[in-house]
Every structure is written in structure tokens, then in C-alpha cells.
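**Q** Before I ask anything, here is the structure I am working with.
The values are calculated or read from the model by the stated rules, or taken from the named source; none is laboratory data. Remember, predicted model here, so these are calculated numbers, not experimental data. Reconstructed Cβ throughout: ideal geometry from the backbone, glycine too, with neighbour counts over all protein chains shown. SASA here: full protein model, heavy atoms, side chains in, ligands and nucleic acids out. Shrake-Rupley method; radii C 1.70, N 1.55, O 1.52, S 1.80 Å.
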Amino acid sequence: MDTKELLKKVRKIEIKTRRLSDHIFGGEYHSTFKGRGMTFSEVRQYQYGDDVRNIDWNVTARTNEPHIKVFEEERELTMMLMVDVSGSEFFGTDSQFKNEIVTEIAATLAFSATQNNDKIGLILFSDAIELYIPPKKGRSHVLRIIRELIEFKPLSQKTDIAEALKFLSNVMKRKAIVFMLSDFMADDYRHNLKIAAGRHDISGIRVYDRHEENIPNLGMVQIQDQETGKSMLVNTASKRVRLAYSKHYNDRVTYFKESFSKSGAGVIDCRVDESYVKKLLGYFKQRS
């Protein structure tokens, strides 16, 4: 992809996702994820209905009129986007690949955070940390994140979610809002998730294709594993083979949902042919 084509693609995603964040997600994001606390803003005259506990007695005594302290939410937060860039994300049988939907969701979340003056960081992971962009504010920073999501070429095709969560815990010492985007076709990450979720507000967004859930009966088929690169002949006419695949797939989905729920983290399921807008809105409103 040349520079001109890349910029055109970045601009297209910006227009689509920024419109969503401006008109739909900005307010929902703000009300869902609260700031660190309340900070003093100003003193004004007491009005009927004000909380008497906020009366500023010094100003009241000095002016002989009741005044109250006004507080506002200390808003600044940090959002970390953790994105799986392993080989399985480059799968798609409908109109878009999983990694394309992941890019749109990540961009929408990033612009929503920017609208609330929050910092945004990025972790791209496979079975290792492929890229880390420290949290910063601003549109140009979000555009850099989108560029990386579009054109980044991982060194590995495999997945290790536990390693990614371990890196998060090491690099982010203060509480952050964390969205992890993956198909979660992995296991053995529950312990690391529990540690990370004890400090951060974590949500797992599982992006998947409906044709991954089952193997159709197509007879003898040459299948390549996107993560290992290995090819093998598989007899899809065998009911035992199809059932074994379905069990393998469903076991990992169950592991994902149980691990996140038991750790106090949020869960969002997003199929590539469904509206991620509705899924995110529903999740934000449920949490609010």
C-alpha cells in the first residue's frame, strides 16, 4: 500500500468513525467511564435546592450571604487499546475481514476518548508485543494509531493473550480504561487477566466470523492454519471431525466469557456481519 492509498484509507475510516463518536458515542462514553473524582471549580451564591453540605462558611461569613463550593468531575482518563494482530485476524467470508472491523471499532473508541480529552495508547500483540504506542492526546495521535492498525505487519502469526496482559500490567501503573480486541482463540490467560483487571477497567471485544463456528461438509479439503502456517488435508465429511472442531471453538469462547466475567471485566461479542454500533451502544448503556 503506497502512502497516497494509505492516507485515503485513514481518511475514510476517520470520517466514518468520527461521525459515530461525535453523534453517538461521545456522551455514552463520558457517562460510562467516570473520572478520578471531583475537583474544586468555583464559589457562587447559594440557590434554593443546593446541598447545604457544600456551603463555604468562610466566604459566607465575609459577605454575609450564603455561598457554596462548586465541584466538577476530574475527567482526564487514559484509554489503552489492545489489538490482536495474529494471523487469525486476517479471516473473512463476508464483506470485511475481522481486522478491518477491529480497526473501525478501535478508531471509534479512540475518537470518543479524544472528544472527552482523554489520552489514548495502543498495544499490538501476537504471541509477543509487536508495537507499543504510549498514551497521548489529540487527533494527530489517533490518526497515527489508525495508520498502524491499517498497515502494520506483525513478525509473528501466533497469539498469546497472557503475554499481552502481563505487558499491560507492567507498563500501565495507573488505572486505565482498556479495550482488548481479539477473536480470543486462546487459553491460559485467566491468571494474568485477573491481575490486570484488579487495577484496570477492562473490556474484551470478541470479533468473529460466523463461518468460523462450524466446518461445513465439503469432503476432503486442504486447510491452512493462519497462525502456524501449516496445511493439512481434512475430511470435513466426517461427523467426528466437525464435532471436534466445534468443541474446540466453543471451549475457547466459553473460556473467554467465563474468564472475563469472573475477573470483573466486561464482555462484548461482535460478529463481522452485525452492527458493532449497536453492540457498543448496548454495552455502554448497560454499564451506565
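**Q** Looking only at residues in region 136-148 that are touching a residue at least 12 places away in the same chain (Cβ under 8 Å) and open to solvent by 30 Å² or more (accessible area, probe 1.4 Å), which one is nearest to G87 (Cα to Cα)? Spell out how you get there, then give the answer.
**A** Keep residues of region 136-148 that are touching a residue at least 12 places away in the same chain (Cβ under 8 Å), which gives 136-139, 141-143, 145-148.
Right, trim to open to solvent by 30 Å² or more (accessible area, probe 1.4 Å) and you get 136-137, 139, 147-148.
Numbers: K136: 28, K137: 30, R139: 29, R147: 19, E148: 16 Å.
Here the answer is E148.
**Q** Which condition number does Q115 fail, the rest of (1) within 28 Å of E28 (Cα to Cα); (2) in contact with a Phe, Trp or Tyr (Cβ under 7 Å, 6 or more places away or on another chain); (3) surrounded by fewer than 23 Cβ atoms within 10 Å (Cβ to Cβ) being met?
**A** That leaves (2) as the condition not met.
**Q** Take region 2-28 and flag every residue that is modelled with pLDDT under 75 and either open to solvent by less than 80 Å² (accessible area, probe 1.4 Å) or in contact with a Lys or Arg (Cβ under 8 Å, 6 or more places away or on another chain) (or both).
**A** Within region 2-28, the first condition is being modelled with pLDDT under 75, and the residues that meet it are 2, 23-27.
Within region 2-28, I24, F25, G26, G27 meet the criteria.
**Q** With region 149-229 as the region, which strands (runs of 3 or more DSSP E) entirely inside it contain at least 2 residues that are among the aliphatic types (A, V, I, L, M) and open to solvent by 40 Å² or more (accessible area, probe 1.4 Å)?
**A** Strands (runs of 3 or more DSSP E) meeting the threshold: 220-224.
**Q** Looking at region 266-276, can you tell me whether even one residue there is under 23 Å from A113 (Cβ atoms) and open to solvent by 70 Å² or more (accessible area, probe 1.4 Å)? Spell out the reasoning first.
**A** Within region 266-276, the subset under 23 Å from A113 (Cβ atoms) is 266-270, 275-276.
Narrowing the set further to residues that are open to solvent by 70 Å² or more (accessible area, probe 1.4 Å) leaves none.
No, region 266-276 contains no residue that is under 23 Å from A113 (Cβ atoms) and open to solvent by 70 Å² or more (accessible area, probe 1.4 Å).
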